[in-house]
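Visitor: Pasting a structure here, questions to come.
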């Protein structure tokens, strides 16, 4: 087996608990704005649930690339309207702060330690739909020890577009077979494999995008499989 | 003064001692290949001295972008010939290893501590002619605690081309006046200023590219000035 030098990680769902983190911040936001009757979990699901459709417009080139921060804000406003709230009636700074919840997503309990162990033997880098600044802020906030951070705005493309994986390999100076994608999502691993990368599946309960719930398939056929990033570090020893 | 969020650093000469590090590795290489009669310091000067001319071809679009690793190898071969050695007569793996001396450049004594202090209050990132993998390897080798690493291959341009500075600001999500370049070279600071970035000059003896020795001018007019990165962290408190 060709020696793997670089581990790329899906971030949203695989390294951080996006839905749980967003529900926590949404709960506080809804309370401050007299909207405690709205369930924060349902609100987070509705907001995150709009993610795939908005990114899809860029994927199929109906829309030129815009960073995830902007898509998230558009989706937040649509989501608020869906729950009967009027975005323009809320303080702009409050909306912007809630949108920055994506910069403060909490890591799963094993993520920092697992990444630290893996960093001793591999280059570790996110391969995420997040823009670079979002991922940099998240790393500083959560203590994620990345070797470098290349957001979707570097390749100006969203997963599973092949240029995302291929440009990341080019910048890290490896042929695809010397890189591996670590992810909790099949569609991402499938795209990485088509580009020639190796694949490792990490089991994350509750990491599914609710808009894709119907697409969950059995997780097999990947080079490696682990229940979390600490176990992955053991498996790759 | 607008709040600065991001500190970009010139690396070669400002954060690491390129000429000293290369001389050390060249000395060992020349000894192994029965060429101890060649002065390692002069060899390093000759190799580094070809840097500016080779990058200039990309700057003025006589040549399309190629990463620094490739330019360094071309310059190494030319430099060996200049000293009467025949590159093709030397083991290829040895040449490649010597070229990777650029991935192992040693930081100045204050660099790791200074960057660590600055990282607590700013996003810290290199802004270097080095390619991303070169800078990632250097950071892992030397323990440089960058928040992210965006090499010249991200913008596919070399300093002082304006797109280098502007693309870096765009990816870090700041307008240029919220970023500052820290460098030991005037031409770099001048270009950053023209793009709207703030500037900090760090005094580094022996950091001049020998090919530019005639261009050294008085260092004044920059927003900040410090004798090393630890002092800079104090100045920016």
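Visitor: Among the residues of the stretch B:1-44, which ones are surrounded by fewer than 18 Cβ atoms within 10 Å (Cβ to Cβ), in a helix (DSSP H, G or I) and modelled with pLDDT under 95?
Guide: B:20
Visitor: Go through the residues of the stretch A:205-215 one by one and say whether even a single one is at pLDDT below 95, in a helix (DSSP H, G or I), over 17 Å from the mean Cα position of the chain (by Cα) and not assigned by TED's automatic domain parsing to the domain that holds residue A:61.
Guide: yes
Visitor: If I ask for residues that are part of a loop (DSSP other than H, G, I, E, B), within 12 Å of chain B (Cβ to nearest Cβ) and crowded, with 21+ Cβ neighbours inside 10 Å, which ones from the stretch A:144-173 would you list?
Guide: A:144, A:146, A:147, A:148, A:149, A:150, A:151, A:172, A:173
Visitor: While we're looking at this one, here's another question. For the stretch A:76-108, which positions are over 19 Å from residue A:27 (Cα atoms) and free of Cβ contacts under 8 Å to residues at least 12 places away in the same chain?
Guide: Result: A:88, single match.
Visitor: Further, regarding this structure: Answer with yes or no whether residue A:61 is in a helix (DSSP H, G or I) and out of contact with any helix residue (DSSP H, G or I) (no Cβ under 8 Å at 6 or more places or on another chain).
Guide: Judged against the criteria, residue A:61 is not a match.
Visitor: A follow-up question, please. Which of (1) within 24 Å of residue A:227 (Cβ to Cβ); (2) touching a residue at least 24 places away in the same chain (Cβ under 8 Å) does residue A:150 not meet, given it meets every other one?
Guide: Tallying (1) within 24 Å of residue A:227 (Cβ to Cβ); (2) touching a residue at least 24 places away in the same chain (Cβ under 8 Å), residue A:150 fails exactly one: (1).
Visitor: Return the residues of the stretch B:123-143 that are buried (at least 19 other Cβ atoms within 10 Å of the Cβ) and over 14 Å from the mean Cα position of the chain (by Cα); say none if nothing qualifies.
Guide: Across the stretch B:123-143, the qualifying residues are B:123, B:124.
Visitor: Considering only the stretch B:101-142, how many residues are in contact with a helix residue (DSSP H, G or I) (Cβ under 8 Å, 6 or more places away or on another chain), in a loop (DSSP other than H, G, I, E, B) and within 13 Å of chain A (Cβ to nearest Cβ)?
Guide: 3
Visitor: Against the conditions (1) within 14 Å of another protein chain (Cβ to nearest Cβ); (2) buried (at least 18 other Cβ atoms within 10 Å of the Cβ); (3) free of Cβ contacts under 8 Å to residues at least 60 places away in the same chain, where does residue A:199 fall short? Just the number, please.
Guide: (1)
Visitor: OK, next. Would you check which residues across the stretch A:174-185 are modelled with pLDDT under 95 and either more than 16 Å from the chain's Cα centre (by Cα) or in a helix (DSSP H, G or I) (or both) and list them?
Guide: If the condition is that a residue be modelled with pLDDT under 95 and either more than 16 Å from the chain's Cα centre (by Cα) or in a helix (DSSP H, G or I) (or both), then no residue fits.
Visitor: Given (1) crowded, with 22+ Cβ neighbours inside 10 Å; (2) touching a strand residue (DSSP E or B) at 6+ places or on another chain (Cβ under 6 Å); (3) within 11 Å of chain B (Cβ to nearest Cβ), identify the lone condition not met by residue A:180.
Guide: Of the numbered conditions (1) crowded, with 22+ Cβ neighbours inside 10 Å; (2) touching a strand residue (DSSP E or B) at 6+ places or on another chain (Cβ under 6 Å); (3) within 11 Å of chain B (Cβ to nearest Cβ), the odd one out for residue A:180 is (3).
The values are calculated or read from the model by the stated rules, or taken from the named source; none is laboratory data. Everything numeric here is computed off the predicted structure, so don't read it as measured data. A quick note on method: Cβ atoms are made from the backbone with ideal geometry, for glycine too, and the neighbour counts reach across all protein chains shown.
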